[in-house]
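S.K.: First the structure, which I've put down as structure tokens, then a few questions once you've had a look.
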Amino acid sequence: MECQIGVISGDGIGPEIVTEAKKVLDQIGKKYGHLFHYTDILMGGCSIDATGVPLTDDAIAAAKASDAVLMGSIGGNTSTSPWYQLAPELRPEAGLLKLRKSLNLFANLRPAYLYEELKAACPLRDDIIGTGFDMMIMRELTGGLYFGARKTEEVDGVTTRTAVDTLVYNENEIRRIAKRGFDIAMKRRKKVTSVDKANVLDSSRLWRKIVEEVAKDYPEVTYEHMLVDNCAMQLVKDPKQFDVILTENMFGDILSDEASMVTGSIGMLSSASLNDTKFGLYEPSGGSAPDIAGKGIANPIATILSAAMMLRYTFDLDKEADAIENAVKQVLKEGYRTIDIMPQAGESTEGIEQVGTAKMGDLIAERV
Ligand code: NAD
């Protein structure tokens, strides 16, 4: 297969971690007979330095011409970098928001997977963790409370100050994300938990109705509805029960952070943003980590796992995605760790070896 991949290396640790993901992809290409063509795309601080804006129209066109975009991270130190003296629409993050909008990326996917070897980083009790958990949070990204009309009443010194935010969803917005959620479940353990607040909110009652309609097209997938407050509790009480969690924007924002917290390090967390074609933007959940940029110690695993998601969800190369995920597990099992996932004080370091960014990439590529 020939794959056109736009590559946004970005700022900070971005170029370091993207280099390792490409190394692993190239190894996949060699082993399974695929050709990965990369097109570099400027976005973020590096684009500001080169062009004066965080994302040019040419960069958007290059992303649109790709089958998928693999991204490192963008941005700098928000207190000291001159990028943050610029107007908000000219700062690095504005580039990412513009790209998401231009590509209509309405579905955000964040896996939360607990690696046996990193169990110690999980704040849950051993009896709750059991044999581990493996879930996927699918969050609607372009609607709901964060995009509805909002206003704050003027203060006139007489009336009570009041602010209002509007939570709006139409059935098309719900249907397209629900379909995506059920499609993803078909590639996994075939279970969807749709999370809402249907005991209170009209938008949630419509959400529930549309999810039920969509579910009819997926007879192999079992689904359930869960109230968001219960879901927040269940995530720490029994995370094993979840496969795909499908939810709206604000609930997803909160639940995906809760789910990622129970897995351990930010350097392990991949993510994807999808539209209604096969296209996706794949990136680690962390930022550009300016504190460790250029030191060769950043953990590249989240970016490598994001590349695996790209193979699975854009290119339908499930076997190849499995090969990357298994190589990551193998490397952890053999005791290799970047600094962020080293054992904490009091934990055993027997059989553990600390490695840098490039070495971690080499080890994973070798085991693909
Ligand atoms: P951050 O995620 O960059 O860093 C938080 C902490 O996690 C730091 O101590 C960092 O060293 C560590 N860390 C992050 N990724 C790591 C990795 N792969 N390996 C090892 N350690 C890692 O968050 P921040 O410091 O709040 O933000 C820094 C910059 O990144 C800001 O400009 C922010 O706007 C930007 N940012 C970008 C994205 C993105 O590109 N999508 C996402 C979040 C933050």
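The values are calculated or read from the model by the stated rules, or taken from the named source; none is laboratory data. Every value quoted in this text rests on a predicted model; they were computed, and no experiment measured them. Glycine gets a Cβ as well: all are built from the backbone with ideal geometry, and neighbour counts include every protein chain shown. The area values use the complete protein model at the heavy-atom level, side chains included, leaving out ligands, DNA and RNA. Shrake-Rupley method; radii C 1.70, N 1.55, O 1.52, S 1.80 Å.
S.K.: Can you list the residues, at least 5 places off or on another chain, whose amide H is less than 5 Å from the amide H of T39, using H built in the peptide plane?
M.R.: I5, G6, V7
S.K.: Here's a follow-up. May I ask you to list the GluC sites (Glu not before Pro) in the range 188-242 that are in a DSSP loop and have at most 16 other Cβ atoms within 10 Å of their Cβ?
M.R.: Sites meeting the loop and neighbour criteria: E220.
S.K.: Just to make sure I understand: if all protein chains stay in place, what is the order of H34, H225 by accessible area at 1.4 Å, largest first?
M.R.: H225, H34
S.K.: Residues with amide H under 5 Å of I245's amide H, sequence separation 5 or more or different chain, H placed in the peptide plane at 1.01 Å from N; which?
M.R.: M136, I137, M138, T193
S.K.: Distance between Cα centroids, the range 295-368 to the range 239-288: provide it in whole Å.
M.R.: 18
S.K.: What residue among A185, A298, A198 has the largest mean-square fluctuation in a Gaussian network model of the chain, using Cα springs under 10 Å?
M.R.: Result for the chain, Cα springs under 10 Å: A198 fluctuates most.
S.K.: Mind listing the phi-derived Karplus ³J(HN,Hα) values for the range 118-134, rounded to whole Hz, using 6.51, -1.76 and 1.60 with θ = phi - 60°, and x for any glycine or proline?
M.R.: Listing the rounded values in order: 10, 3, 4, 7, 7, x, 7, 5, 3, 5, 7, 5, x, 8, x, 9, 8 Hz.
S.K.: Also, quick follow-up: Can you pull the accessible area of R91 for me, 1.4 Å probe, Å² to the nearest 10?
M.R.: 80
S.K.: On to the next question. I'd like the accessible area for C46, computed on protein heavy atoms only with a 1.4 Å probe and all protein chains in place. Round to 10 Å², please.
M.R.: Accessible surface of C46 is approximately 40 Å².
S.K.: So, one more: I'd like the Karplus ³J(HN,Hα) series for the range 158-169: coefficients 6.51, -1.76, 1.60, θ = phi - 60°, whole numbers in Hz, and an x wherever there's a Gly or Pro.
M.R.: Residue by residue, the range 158-169 yields 10, 7, 6, 5, 9, 10, 9, 10, 10, 9, 10, 9 Hz.
S.K.: Select from N326, N108, N199 the residue whose mean-square fluctuation is largest in a Gaussian network model of the chain (Cα-Cα springs shorter than 10 Å).
M.R.: Maximum fluctuation in the GNM of the chain, among the listed residues, is at N199.
S.K.: Can you give the log10 of the normalised intensity I(q)/I(0) at q = 0.08, 0.09 Å⁻¹, computed with Debye over equal Cα scatterers of the chain?
M.R.: Log10 I(q)/I(0), no solvent term: -0.42, -0.53.
S.K.: What do you reckon, how do V158, V331 stack up by accessible area (1.4 Å probe), largest on top?
M.R.: Largest accessible area first, the residues go V158, V331.
S.K.: Could you give the distance between the Cα centres of the range 30-104 and the range 187-231, to the whole Å?
M.R.: When both Cα centres are located, 34 Å separates them.
S.K.: Further question: How big, on average over all directions, is the shadow cast by the Cα convex hull of the range 1-78, in nm²?
M.R.: 5.1
S.K.: What are the extents of the Cα atoms of the range 80-199 along their three principal axes, in Å, largest first?
M.R.: 58, 44, 35
S.K.: Okay, next question. Residues of the range 36-139: accessible area per residue at 1.4 Å, in Å²?
M.R.: Ligands and nucleic acids excluded, the result is 45 Å² per residue.
S.K.: Of the listed pairs K190/K319; K101/K237; K98/K240; K151/K278; K216/K278; K23/K190, which have alpha-carbon separations greater than 26 Å here?
M.R.: Listed pairs above 26 Å: K101/K237; K98/K240; K151/K278; K23/K190.
S.K.: So for the chain, taking the charge dipole from beta-carbon charges (+1 Lys/Arg, -1 Asp/Glu), which of G33, S270, A149 sits furthest toward the positive end?
M.R.: Value: G33.
S.K.: Additional query: From the backbone phi of the range 336-344, what are the Karplus-calculated ³J(HN,Hα) couplings (6.51 cos²θ - 1.76 cosθ + 1.60, θ = phi - 60°) in whole Hz, Gly and Pro given as x?
M.R.: For the range 336-344, the Karplus-derived couplings read 7, 9, 7, 4, 5, 10, 5, x, 7 Hz, x marking Gly and Pro.
S.K.: In a GNM of the chain with a 10 Å cut-off on Cα contacts, which of I28, I341, I292 has the highest mean-square fluctuation?
M.R.: Between I28, I341, I292, it is I292 that shows the largest mean-square fluctuation.
S.K.: Relative contact order for the range 33-119: what is it in percent, counting Cα pairs under 8 Å that are at least 6 residues apart?
M.R.: Answer for the range 33-119 is 32 percent.
S.K.: Another question, if that's okay. About its Cα centre, how strong a charge dipole does the chain have in debye, to the nearest 20, once Lys and Arg get +1 and Asp and Glu get -1 at the Cβ?
M.R.: The calculation lands at about 560 debye.
S.K.: How large is the helix-only mean residue ellipticity at 222 nm for the chain, computed as the sum of -39500 (n - 2.57) over DSSP H runs with n ≥ 4, divided by its residue count, in deg cm²/dmol to the nearest 500?
M.R.: The helix-only estimate for the chain comes to -12000 deg cm²/dmol at 222 nm.
S.K.: Could you rank M250, M261 by how accessible they are, 1.4 Å probe, largest area first?
M.R.: M261, M250
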